[in-house]
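For reference, the structure is listed below as structure tokens.
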């Protein structure tokens, strides 16, 4: 999953999109877009200011979990596909009809369509992907195949089983040595 930022010990790598989108970062910090006022004829969609949900991706023991905040997006407007090792989540948040007689003091909500594609690692089960939408949060679960999940191997203490240890040593020796060992005991 090379296109994801990784959090390690409280530190977070900046995602590539934020590094390339200073206008988006400024809009989030200030809540104001100075370039929109200089060029009011440029639509928000052209300036890259459309609705784009932020995603969280985490790995659990059994699956990969994708979560996104998609308030105002009905489940009928969300499409999730898996093609090969690519998970694509797309949707659209449609703007409410604007009444020309109403007077707006602020219009900060973003609308539009979005598409996010994630590269899945080997060992996922694309046949059993599930998705739920509750309280404006989309949750997509991509399960891992059982054979790719880690298996716990028991470790046996040598002090607990000294007899088995001695017999296993004899089995590991070459045939000639094992015979001399038995002969020397006689």
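The numbers here are math on the coordinates, done by the rules we state, and not lab data. Predicted model, so just to flag it, every value in this text is computed and none were measured. Every residue, glycine among them, receives a Cβ derived from its backbone with ideal geometry; neighbour counts consider all protein chains shown.
Over 21 Å apart: what share of the alpha carbon pairs of the stretch 52-153 falls there, rounded to a whole percent?
Here the tail beyond 21 Å accounts for 44 percent of pairs.
Extending each Cα 7 Å along its Cβ direction at residue 62 and residue 95, get the distance between those two points in nm, one decimal.
The two pseudo-label positions are separated by 4.4 nm.
For a quick check: sort 118, 105 by the number of other beta carbons within 10 angstrom, fewest at the front.
Final ranking by Cβ density, sparse to dense: 105, 118.
Students often check this: by mean Cβ neighbours within 10 Å, which of 89-98, 62-71 ranks highest, and how do the rest follow? Let's see the in-between values first.
Working: 89-98: 14.2, 62-71: 17.0.
Final packing ranking: 62-71, 89-98.
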